[in-house]
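Structure first, commentary second.
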There are 4 protein chains.
Amino acid sequence: MTKRRIALISTGGTIEKTYDELSGVLANHVSVLDVMLASLELRGVEVQRIALMNKDSLEMTADDHTLIAETAAQLAREAAGVIVVHGTDRLAASGERLVELVGTPASPVVFTGAMRPYELRSTDALQNLTEALLAVQLLAPGVYLAMHNQVLQFPGVVKDRRAGTFVKETP
Amino acid sequence: MTKRRIALISTGGTIEKTYDELSGVLANHVSVLDVMLASLELRGVEVQRIALMNKDSLEMTADDHTLIAETAAQLAREAAGVIVVHGTDRLAASGERLVELVGTPASPVVFTGAMRPYELRSTDALQNLTEALLAVQLLAPGVYLAMHNQVLQFPGVVKDRRAGTFVKETP
Amino acid sequence: MTKRRIALISTGGTIEKTYDELSGVLANHVSVLDVMLASLELRGVEVQRIALMNKDSLEMTADDHTLIAETAAQLAREAAGVIVVHGTDRLAASGERLVELVGTPASPVVFTGAMRPYELRSTDALQNLTEALLAVQLLAPGVYLAMHNQVLQFPGVVKDRRAGTFVKETP
Amino acid sequence: MTKRRIALISTGGTIEKTYDELSGVLANHVSVLDVMLASLELRGVEVQRIALMNKDSLEMTADDHTLIAETAAQLAREAAGVIVVHGTDRLAASGERLVELVGTPASPVVFTGAMRPYELRSTDALQNLTEALLAVQLLAPGVYLAMHNQVLQFPGVVKDRRAGTFVKETP
């Protein structure tokens, strides 16, 4: 069986945070996505890594969201699907921007992230990345979030800060 | 959002094996599925656990496969989907039996298992369970295997012992 | 064989920090010492837990150091040994205070801590606690630090912030 | 501070066992000692690795025990201490053989092992190795076992198979 070629765009965020011993805070210095990918058995997809930026999403500008959306739209034309690893605080802004730009991309674009960094024992990072890597193979073209055992379709996906997850906005 | 109610049938197998200190081998004494489920964020499904049997699948009889298939078919009528956790050596036999019995079940039935027990640091158990718990929400009614980042549809799914995974039989 | 009764005084610090999902920083909310102790095979000692305070050591006052030293000195008279789990930034101040107060306590008092919280995959917390729990059985009465595969005796133990460990001051 | 040079003799045993996916049993194929050593902060010792043999200790012959004892005795003359990583079933035989050969070696010789391999989530391997690496710095010349939070001196150390640990023989 031929593996589907999937583009994985990394933009930073909690999922990639590592612990800085000296300052005692979590900062975005090193990408741990490659460590996570190496720990998974990937028989369905072949991953093409695109390290687009490495930002806490709270620091993203409108231009950053547009750049992410444009890059995802372009890669959706070249690959069988696209995954965007994104900080959760501003993830929805990039997702909505992509819908504004192209409506439905040429192949499925799946956003994911994490509430707790991979470096923590009790992280949700591996679960979410696993889900995104499976969902991108099963979904029709569109813009989605895969995280915490659910897939939600843009537009109308928002972070529920109190619940620590994403929900579909009720109109 | 309402969570989908999913039935999870456990039958034993590597995924649930625990280490017996005295004999130094891996044996099927204790279910670790509940530990795994507790470590995941389940926002999409509500899991109903059915501990049907706890067998190394190499010891399963034709009657065992029929019992598993009948139980899955029945639960597929009651729940929004069914997951069957199964030893990999005879997993395909239960999947094929289900197709023989009902053709297409009333809701998706997703088999999964593991090549390396959850108790090992480098297990594939959590990845596979995560994938089954997501796939069951996205797939149309049918009989499937979800494992190692791919979803394969029965009939015609076989274990590739040398590669340590499952593949679709080429006719 | 009778286990030695050891008093374990907890005071807070990095070793016990847990991750706060909402704020994204590491804070001292919950003691994880009991989780760590439960993960070790303790055949040599019976641990008596004394939760004295739960402070980032940078916030400790002179009174805090005196309270820690007095409590350790008192427990050293009652138990076969004392372990003090302490934030590393001000650990040396409590150790020096104990030497000032009593010179040599009635049984060995071993300070320990961690540079990286237990909640992180790559923590030094378990190593250091393991070392303290063994050293307290082997050392003569005195005041010590056990951490990072070494035992140093007070007075004259200082944190080397750049190296991320403790060293013996060269006079 | 100068680190003490410690010789670490590996002989195989549970501590080094890795999981063989195909056969589903635990076998001694790959040394994981280097992975364990890399995960520890070693500020007190500099480790010299001697891979003497890689055997399940149940398969050790009298010659094997003599070879282990002679190698340890020789290295105890050259290094500041010696650690012997050994399968627990026949560990005591090598320890007793060393006492027969030399009585008290030139520097401390500390045996250790594990009841549960490092590859398991709930292993005692790291605890035991950590203890051996600290004990070897604190003990007087002699032959010892360090494991499960205790140090026992040879002769007269025996495995208590039911308790899953070592005890001092009561005469």
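Of all beta bridges DSSP finds with both residues in the protein assembly as shown, what is the antiparallel percent, to the nearest 5? Spell out each step's value before the answer.
Values: 46 of 122 bridges.
Close to 40 percent.
Quick check for me: using +1 on Lys/Arg Cβ and -1 on Asp/Glu Cβ, what's the dipole size of chain C about its Cα centre, in debye to the nearest 20?
It comes to approximately 460 debye.
Comparing A:Thr123, A:Ala93, A:Thr66 along the charge dipole axis of the range A:56-129, the residue lying farthest to the positive side is A:Thr123, per the Cβ-charge model.
Geometric descriptor of the range B:76-123, per residue, is 76 Å³ (volume of the convex hull of the Cα atoms). In this structure, the residue pairs whose Cα-Cα separation is over 20 Å, taken from C:Lys3/C:Lys168; C:Lys3/D:Lys159; B:Lys3/B:Lys168; C:Lys3/D:Lys3; B:Lys55/D:Lys55; D:Lys3/D:Lys55, are C:Lys3/C:Lys168; B:Lys3/B:Lys168; C:Lys3/D:Lys3; B:Lys55/D:Lys55; D:Lys3/D:Lys55.
Estimated at 0.36 nm per residue, the fully extended path between A:Glu59 and A:Val35 surpasses their Cα-Cα distance by 6.1 nm. The dipole here belongs to the range D:90-171: it is taken about the Cα centre, uses +1 on the Cβ of Lys and Arg and -1 on the Cβ of Asp and Glu, and is about 220 debye. Take A:Asn54, push a point 7 Å out from Cα through the beta-carbon direction, and compare it with the same point in every other copy: 3.5, 3.5, 4.6 nm, smallest first.
Considering only beta bridges that DSSP places wholly inside the range C:22-171, some 55 percent are antiparallel. The HN-Hα couplings worked out from phi for the range B:146-157 by the Karplus form 6.51 cos²θ - 1.76 cosθ + 1.60 (θ = phi - 60°) are 10, 5, 6, 6, 8, 10, 10, 9, 6, x, x, 8 Hz, whole numbers, x standing for Gly and Pro. Closest approach of a chain B Cβ to the axis relating B and C (residue, whole Å): B:Arg121, 5. Between this copy and the others, label points of C:Arg121 are 1.1, 1.4, 1.5 nm apart in ascending order, each placed 7 angstrom from Cα in the Cβ direction.
A simple rule links phi to the HN-Hα coupling: the Karplus curve 6.51 cos²θ - 1.76 cosθ + 1.60 with θ = phi - 60°, which for the range A:7-13 gives 8, 10, 8, 9, 10, x, x Hz, with x for Gly and Pro. Distant-in-sequence amide contacts of D:Ile50, defined by a placed amide H-H separation under 5 Å and a gap of 5 or more residues or a different chain, comprise D:Leu8, D:Ile9, D:Ser10. Give me the net charge for the shell around A:His148: Cβ to Cβ below 12 angstrom, other residues only, Lys and Arg +1, Asp and Glu -1. For residues surrounding A:His148, the net value is 0. Around the amide H of D:Met115, modelled in the peptide plane, lie the amide H atoms of D:Asp124, all under 5 Å away and 5 or more residues distant in sequence or on another chain. Each copy carries a label point for C:Val35 at 7 Å from Cα along the beta-carbon vector; from one copy to the others these points are 1.5, 1.7, 2.2 nm apart, nearest first. Amide H to amide H distances under 5 Å link B:Gly81 with B:Ala7, where only residues 5 or more positions off or on other chains count and H is placed in the peptide plane. Charging the Cβ of each Asp and Glu at -1 and of each Lys and Arg at +1, and nothing else, the dipole of the protein assembly as shown about its Cα centre rounds to 0 debye.
What the Kirkwood sum gives for chain B is a hydrodynamic radius of 15.8 Å, with every pair of different alpha carbons counted.
Per residue, the protein assembly as shown reaches -9000 deg cm²/dmol at 222 nm when only DSSP H runs of four or more residues are counted, each adding -39500 (n - 2.57). Taken as Cα centroids, the range A:137-171 and the range B:40-87 sit 28 Å apart, rounded to the nearest whole angstrom. Modelled label positions at C:Ala163 and D:Arg49, each set 7 Å beyond Cα in the direction of Cβ, lie 2.4 nm from each other. For A:Glu100 and A:Arg121, the FRET efficiency from 1/(1 + (r/R0)^6), where r spans their Cβ atoms and R0 equals 51 Å, is about 0.85. For the protein assembly as shown, the alpha-carbon coordinates run over 74, 59, 39 Å along the three principal axes, in decreasing order. What is the local net charge at D:Phe166, summed over the other residues whose Cβ is closer than 9 Å to its Cβ (Lys, Arg +1; Asp, Glu -1)? Local net charge: +2.
Computed from the coordinates by the stated procedures, all read-outs in this text should not be read as laboratory data. What you see is a predicted model, and the numbers here were worked out from it, not measured in a lab. Glycine gets a Cβ as well: all are built from the backbone with ideal geometry, and neighbour counts include every protein chain shown.
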